[in-house]
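> First, the structure itself, so that you have it in front of you.
The values are calculated or read from the model by the stated rules, or taken from the named source; none is laboratory data. Every value quoted in this text rests on a predicted model; they were computed, and no experiment measured them. Please note: Cβ atoms are built from the backbone with ideal geometry, for glycine as well, and neighbour counts cover all protein chains shown.
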Amino acid sequence: QQQVKQSPQSLIVQKGGISIINCAYENTAFDYFPWYQQFPGKGPALLIAIRPDVSEKKEGRFTISFNKSAKQFSLHIMDSQPGDSATYFCAASIKAAGNKLTFGGGTRVLVKP
Amino acid sequence: DAGITQSPRHKVTETGTPVTLRCHQTENHRYMYWYRQDPGHGLRLIHYSYGVKDTDKGEVSDGYSVSRSKTEDFLLTLESATSSQTSVYFCAISGHTGESNQPQHFGDGTRLSIL
């Protein structure tokens, strides 16, 4: 049973456009929601993270929106650049339970110049 | 880099053979994790460690064992490799400050092929 569902599986966006990736979770005990960016041949790298007491968090061109009642959260990449082409993973964990991450299935983003 | 080294980076082996993957960290972090990455599944937790000699199972632990005899090393062993264990394996580390765990940082992975 996949506790974190991520969509879409892939995404093509023009340079300067907005990329939006959505995730939904089932376990209401999750209290930490990070997003990871992964380039081919590399491990995932933490991009941005949010806690459920905050509805939005912005870091540069990356914004997380969080809807606790709907059990959904999303990543927006503003002014997308070719260098943003990568696979993005949402994840969730329970901090008091060893911070074990449950990942979504991933979204491959291609930014066309 | 977060001071994580995985070895080997690539390995090809045959069904039924034992395989050990190593994760070495230089950050003195308390927590260490092993994940496997397969298309469409994201990363799934195999085992994790919350201290020397303290380990626990993750979501997909069947067929895997781990050991942590010192803070810096976390070993993942496939006792008798099967083709279903062909995957990319990632190690991650995480520190701990008070009641708050720090984010996980990942190594660059080991690509394991079992023929």
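> State yes or no: is B:Q104 more than 8 Å from chain A (Cβ to nearest Cβ) and surrounded by 16 or more Cβ atoms within 10 Å (Cβ to Cβ)?
The answer is no for B:Q104.
> For B:M32, all conditions in the list (1) touching a Lys or Arg at 6+ places or on another chain (Cβ under 9 Å); (2) within 20 Å of A:G41 (Cβ to Cβ) hold save one; what is the number of the exception?
(2)
> Continuing with this model, one more query. Any residue in segment A:87-94 that is closer than 18 Å to A:V4 by Cα and without any contact (Cβ under 8 Å) to a residue 24 or more places away in the chain?
No, segment A:87-94 contains no residue that is closer than 18 Å to A:V4 by Cα and without any contact (Cβ under 8 Å) to a residue 24 or more places away in the chain.
> Same structure again: With the condition kept exactly as written, say whether any residue in segment A:20-30 is touching a residue at least 40 places away in the same chain (Cβ under 8 Å) and farther than 21 Å from B:L43 by Cβ.
Among the residues of segment A:20-30, at least one is touching a residue at least 40 places away in the same chain (Cβ under 8 Å) and farther than 21 Å from B:L43 by Cβ, which makes the answer yes.
> Consider B:Y64 carefully, then state whether it is away from every other protein chain (no Cβ under 14 Å), surrounded by 13 or more Cβ atoms within 10 Å (Cβ to Cβ) and under 16 Å from B:S113 (Cα atoms).
yes
> Moving to a separate point now. B:G109 is checked against (1) within 11 Å of chain A (Cβ to nearest Cβ); (2) over 26 Å from A:I94 (Cβ atoms); (3) in contact with a strand residue (DSSP E or B) (Cβ under 7 Å, 6 or more places away or on another chain) and fails just one. What number does that condition carry?
(2)
> Could you check segment A:58-96 and list, in sequence order, the residues that are within 19 Å of B:G40 (Cα to Cα) and among the basic types (K, R)?
none
> Kindly check whether there is at least one residue in segment A:67-86 that is at the interface with chain B (Cβ under 10 Å from one of its Cβ atoms), assigned to a strand (DSSP E or B) and polar (S, T, N, Q).
Taking every residue of segment A:67-86 in turn, none turns out to be at the interface with chain B (Cβ under 10 Å from one of its Cβ atoms), assigned to a strand (DSSP E or B) and polar (S, T, N, Q).
> Can you name every one of the strands (runs of 3 or more DSSP E) wholly within segment B:1-86 that holds 2 or more residues which are of a type in the set (S, T, Y) and touching a strand residue (DSSP E or B) at 6+ places or on another chain (Cβ under 8 Å)?
The qualifying strands (runs of 3 or more DSSP E) are B:4-7, B:31-38, B:42-51, B:64-70.
> Does at least one position in segment B:35-46 carry a residue that is under 23 Å from A:Q37 (Cβ atoms) and loosely packed, with under 14 Cβ neighbours inside 10 Å?
Checked against the condition, which is being under 23 Å from A:Q37 (Cβ atoms) and loosely packed, with under 14 Cβ neighbours inside 10 Å, segment B:35-46 yields at least one hit.
> Evaluate the following for B:D54: is it closer than 17 Å to B:R111 by Cα, surrounded by fewer than 20 Cβ atoms within 10 Å (Cβ to Cβ), more than 9 Å from every other protein chain (Cβ to nearest Cβ) and at pLDDT below 95?
Judged against the criteria, B:D54 is not a match.
> Only one residue in B:S94, B:S49 is touching a Ser or Thr at 6+ places or on another chain (Cβ under 6 Å), surrounded by 20 or more Cβ atoms within 10 Å (Cβ to Cβ) and within 14 Å of chain A (Cβ to nearest Cβ). Which one?
B:S49
> If you go through segment A:16-57 one residue at a time, how many are in a loop (DSSP other than H, G, I, E, B), of a type in the set (A, V, I, L, M, F, W, C), over 21 Å from B:P39 (Cα atoms) and within 14 Å of chain B (Cβ to nearest Cβ)?
Adding up the residues that qualify gives 1.
> Restricting the search to segment B:86-102, which residues are over 13 Å from B:N28 (Cβ atoms) and modelled with pLDDT of 80 or more?
B:T86, B:S87, B:V88, B:Y89, B:F90, B:C91, B:A92
> Filtering segment A:101-113 down to residues that are part of a loop (DSSP other than H, G, I, E, B) and surrounded by fewer than 21 Cβ atoms within 10 Å (Cβ to Cβ), which residue is farthest from the chain's Cα centre (by Cα)?
A:P113
> Name every residue in segment A:46-96 that is exposed (fewer than 13 other Cβ atoms within 10 Å of the Cβ), basic (K, R) and over 24 Å from A:Q14 (Cα atoms), in order of residue number.
Result: A:R51, A:K68.
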